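Enquirer: Quick one: structure below, then a few questions.
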Amino acid sequence: MSNSSIIPYGRQQITEEDIAEVVKVLRSDWLTQGPAVGEFEEAFATMCGAKHAVACANGTAALHLAMMAAGIGTGDRVITTPITFLASANAATYVGATPDFADIDPVSYCLCADALEAAWKPDTKAVVPVAFGGQSADLPRISHFARERGAVVIEDACHATGGRFIFNGKQHRVGGHEYADLTCFSFHPVKTITTGEGGMVTTNDDKLAEKLRLYRTHGVNREFAKFSGPLAPAEPSPFYYEMPEVGFNYRLTDFQAALGTSQLRRLEHAVTVRQQIVSAYNEAFADLPWLTTPKLGAWLGAFQPGLSWHLYVAQFDFAKLGRTREEVMAHLRSKGVGSQVHYIPVHLQPWYAQTFGWKPGSLPNAEHYYSRCLSLPLFADAAIIDPVVAAVRSLA
Ligand SMILES: *Cc1c(COP(=O)(O)O)cnc(C)c1O
């Protein structure tokens, strides 16, 4: 925030209790990955109903670790949505795979199942559907299609911590449901809970969890039973370790984890306040002919009380309004309201366009969406409703 009088599109909420929990760890003997990380992982796994939660340095590292654990590498194709943060696609590049894109659904703005099936190639080994704004893509259909072809589903749920959705009359928790093999989260300050920088991968698969933990710490193993190298001792050793595979230093620190555990205690409250704000905006903007409020994808139906909304993305008909997006942003700002564009289509970023030959017009839904999108402020403080509504309504 450059100007404290401007309501930003997103921001963290830090309480005195959060600060006390961090200070407690700072006064302890352990700063890097230690007992507080284990506590955070346990609390997070319980929250989303996953068997395993593995904390790491950030959401991007979470995606990279998920790719590695799933064994994605050179010669493999990974399909994701173009309307996402860069990291969803970059993670495929980190492991030497080919990042690919399929168009979005024009209603939910999530990866479109039809488009994914049309874009599928025999070398596709992973799909990365993004829970865009907090709404999961059509995961039952996507996971069925992908798994039948031997591919894994890595849900990028960086927008959806604490979210639930109902499908076929059953409630599913993001991070713990059966439709993803691995689910990635981010705790960047604009996300639903924060650890400054931080991330998490959840999975119900023991082997995947073991690999996530291995790759998070340089690929180093300290378990005697698994030693296989030429220097392996005959007896358990107090110092010996082996590196069976190459990993990274993607650890989260203990003081960040303490912040995460403390934030997690208020997650349900944060999700509820965000839902209230989304409902209030939807109602307040319903009559504006130049603004389309967020909608649920057909597969989710009309009623989803448990979604964890990260973004409030409106579609503006800038021509009808008689203002460009830049003018709208400037007007909102003059009324004390920040706004942001989520996202510039990733396939048209110079590196993707130049490396893979993507051209404007190739993913028309994403590009049309991009020409009209603008995110309005959304974070866990209902006091933003009135000023944001007033500022938006004053546009016409
Ligand atoms: C924030 C975000 C990421 C990356 O998370 P970091 O913690 O910033 O590395 C990845 N994907 C999506 C969809 C995100 O919003």
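The values are calculated or read from the model by the stated rules, or taken from the named source; none is laboratory data. Since we're looking at a predicted model, the values are computed, not measured. Cβ placement follows ideal geometry from the backbone for every residue including glycine, while neighbour counts extend to all protein chains displayed. The area values use the complete protein model at the heavy-atom level, side chains included, leaving out ligands, DNA and RNA. Shrake-Rupley method; radii C 1.70, N 1.55, O 1.52, S 1.80 Å.
Enquirer: Just give me the residues in segment 190-213 being of a type in the set (Ser, Thr, Tyr) and either farther than 17 Å from Ser262 by Cβ or in contact with a Lys or Arg (Cβ under 6 Å, 6 or more places away or on another chain) (or both), in sequence order.
Expert: The first filter runs over segment 190-213 and keeps only residues of a type in the set (Ser, Thr, Tyr), leaving 192, 194-195, 202-203.
Within segment 190-213, Thr202, Thr203 qualify.
Enquirer: Let me confirm something: among Val337, Val313, which residue is modelled with pLDDT of 95 or more and within 16 Å of the ligand (Cβ to nearest atom)?
Expert: Working: Val337 fails: within 16 Å of the ligand (Cβ to nearest atom).
When all the criteria are applied, what remains is Val313.
Enquirer: Which residue, of Gly176, Gly162, is within 16 Å of the ligand (Cβ to nearest atom) and over 16 Å from Leu111 (Cβ atoms)?
Expert: Working: Gly176 fails: within 16 Å of the ligand (Cβ to nearest atom).
None of the others qualify; the one that does is Gly162.
Enquirer: Any idea which of (1) assigned to a strand (DSSP E or B); (2) within 16 Å of the ligand (Cβ to nearest atom); (3) not basic (Lys, Arg) is the one Gln171 doesn't satisfy?
Expert: (2)
Enquirer: For Lys207, are the conditions met, namely being out of contact with any helix residue (DSSP H, G or I) (no Cβ under 6 Å at 6 or more places or on another chain), assigned to a loop (DSSP other than H, G, I, E, B) and surrounded by fewer than 24 Cβ atoms within 10 Å (Cβ to Cβ)?
Expert: Working: out of contact with any helix residue (DSSP H, G or I) (no Cβ under 6 Å at 6 or more places or on another chain): yes; assigned to a loop (DSSP other than H, G, I, E, B): no; surrounded by fewer than 24 Cβ atoms within 10 Å (Cβ to Cβ): yes.
No, not satisfied.
Enquirer: Among the residues that make up segment 68-80, is at least one of them within 11 Å of the ligand (Cβ to nearest atom) and closer than 20 Å to Glu367 by Cβ? Spell out how you get there, then give the answer.
Expert: Filtering segment 68-80 down to residues within 11 Å of the ligand (Cβ to nearest atom) leaves 80.
Filter once more, keeping what is closer than 20 Å to Glu367 by Cβ: 80.
Within segment 68-80, one or more residues are within 11 Å of the ligand (Cβ to nearest atom) and closer than 20 Å to Glu367 by Cβ.
Enquirer: Given the condition within 19 Å of Gln13 (Cα to Cα) and surrounded by fewer than 24 Cβ atoms within 10 Å (Cβ to Cβ), answer yes or no: does some residue in segment 174-189 qualify? It would help to see each step written out before you state the result.
Expert: Looking only at segment 174-189, we keep the residues that are within 19 Å of Gln13 (Cα to Cα), and these are 185-189.
Now restrict to residues that are surrounded by fewer than 24 Cβ atoms within 10 Å (Cβ to Cβ): 188-189.
Checked against the condition, which is being within 19 Å of Gln13 (Cα to Cα) and surrounded by fewer than 24 Cβ atoms within 10 Å (Cβ to Cβ), segment 174-189 yields at least one hit.
Enquirer: Do we find that Ala91 is within 16 Å of the ligand (Cβ to nearest atom), buried (at least 19 other Cβ atoms within 10 Å of the Cβ) and more than 19 Å from Leu348 (Cα to Cα) in this structure?
Expert: Against the criterion (within 16 Å of the ligand (Cβ to nearest atom), buried (at least 19 other Cβ atoms within 10 Å of the Cβ) and more than 19 Å from Leu348 (Cα to Cα)), Ala91 does not qualify.
Enquirer: When you scan segment 232-246, do you find a residue that is touching a residue at least 24 places away in the same chain (Cβ under 8 Å), under 29 Å from Trp309 (Cβ atoms) and open to solvent by less than 80 Å² (accessible area, probe 1.4 Å), even just one? I'd like the intermediate steps shown before the answer.
Expert: Narrowing segment 232-246 to residues touching a residue at least 24 places away in the same chain (Cβ under 8 Å): 243-246.
Pick out the ones that are also under 29 Å from Trp309 (Cβ atoms) and you get none.
Within segment 232-246, not a single residue is touching a residue at least 24 places away in the same chain (Cβ under 8 Å), under 29 Å from Trp309 (Cβ atoms) and open to solvent by less than 80 Å² (accessible area, probe 1.4 Å).
Enquirer: Applying the selection to segment 15-41, what residues are in a loop (DSSP other than H, G, I, E, B) and touching a residue at least 24 places away in the same chain (Cβ under 8 Å)?
Expert: Of the residues in segment 15-41, the ones in a loop (DSSP other than H, G, I, E, B) are 15, 27-34.
Matches in segment 15-41: Thr15, Ser28, Trp30, Leu31, Thr32, Gln33, Gly34.
Enquirer: With segment 42-123 as the region, which helices (runs of 4 or more DSSP H) entirely inside it contain at least 2 residues that are within 18 Å of the chain's Cα centre (by Cα), of a type outside the set (Lys, Arg) and closer than 29 Å to Gly357 by Cβ?
Expert: By residue number, 59-69, 87-94.
Enquirer: Follow-up question, since we're still on this one. Mind checking whether some residue in segment 139-146 is surrounded by fewer than 24 Cβ atoms within 10 Å (Cβ to Cβ), in contact with a Leu (Cβ under 6 Å, 6 or more places away or on another chain) and at pLDDT 95 or above?
Expert: Kept after step one, since they are surrounded by fewer than 24 Cβ atoms within 10 Å (Cβ to Cβ), are these residues of segment 139-146: 140-141, 143-145.
Still in the running and in contact with a Leu (Cβ under 6 Å, 6 or more places away or on another chain): none.
No: zero hits.
Enquirer: For segment 179-216: of the residues being more than 14 Å from the ligand (Cβ to nearest atom), hydrophobic (A, V, I, L, M, F, W, C) and in contact (Cβ under 8 Å) with a residue 60 or more places away in the chain, which is farthest from Ala92 (Cα to Cα)?
Expert: The selected residue is Ala209.
Enquirer: Evaluate the following for Arg11: is it of a type in the set (Lys, Arg) and touching a strand residue (DSSP E or B) at 6+ places or on another chain (Cβ under 8 Å)?
Expert: Numbers: of a type in the set (Lys, Arg): yes; touching a strand residue (DSSP E or B) at 6+ places or on another chain (Cβ under 8 Å): no.
The answer is no for Arg11.
Enquirer: Report yes if Thr74 is among the hydroxyl-bearing types (Ser, Thr, Tyr), at pLDDT 95 or above and open to solvent by 10 Å² or more (accessible area, probe 1.4 Å), otherwise no.
Expert: yes
Enquirer: Taking Pro140, is it closer than 21 Å to Ala70 by Cβ and either more than 17 Å from the chain's Cα centre (by Cα) or among the hydroxyl-bearing types (Ser, Thr, Tyr) (or both)?
Expert: Values: closer than 21 Å to Ala70 by Cβ: yes; either more than 17 Å from the chain's Cα centre (by Cα) or among the hydroxyl-bearing types (Ser, Thr, Tyr) (or both): yes.
Here the answer is yes, as Pro140 does meet what is asked.
Enquirer: Failed condition for Gly219, given (1) under 24 Å from Tyr109 (Cβ atoms); (2) in contact (Cβ under 8 Å) with a residue 12 or more places away in the chain, with all others met?
Expert: Going through the list (1) under 24 Å from Tyr109 (Cβ atoms); (2) in contact (Cβ under 8 Å) with a residue 12 or more places away in the chain, Gly219 breaks only (1).
Enquirer: List the pairs whose first member sits in segment 147-173 and is under 29 Å from Arg77 (Cβ atoms) and open to solvent by less than 80 Å² (accessible area, probe 1.4 Å), whose second member is away from the ligand (no atom under 16 Å from the Cβ) and of a type in the set (A, V, I, L, M, F, W, C), and whose Cβ atoms are under 6 Å apart, counting only residues at least 6 apart or on separate chains?
Expert: Val152/Ala70; Val153/Ala146; His172/Phe165
Enquirer: Now a separate question. Give Pro122, Pro129 a once-over and let me know the one that is open to solvent by less than 20 Å² (accessible area, probe 1.4 Å) and at pLDDT 95 or above.
Expert: Details: Pro122 fails: open to solvent by less than 20 Å² (accessible area, probe 1.4 Å).
Testing whether each residue is open to solvent by less than 20 Å² (accessible area, probe 1.4 Å) and at pLDDT 95 or above leaves just Pro129.
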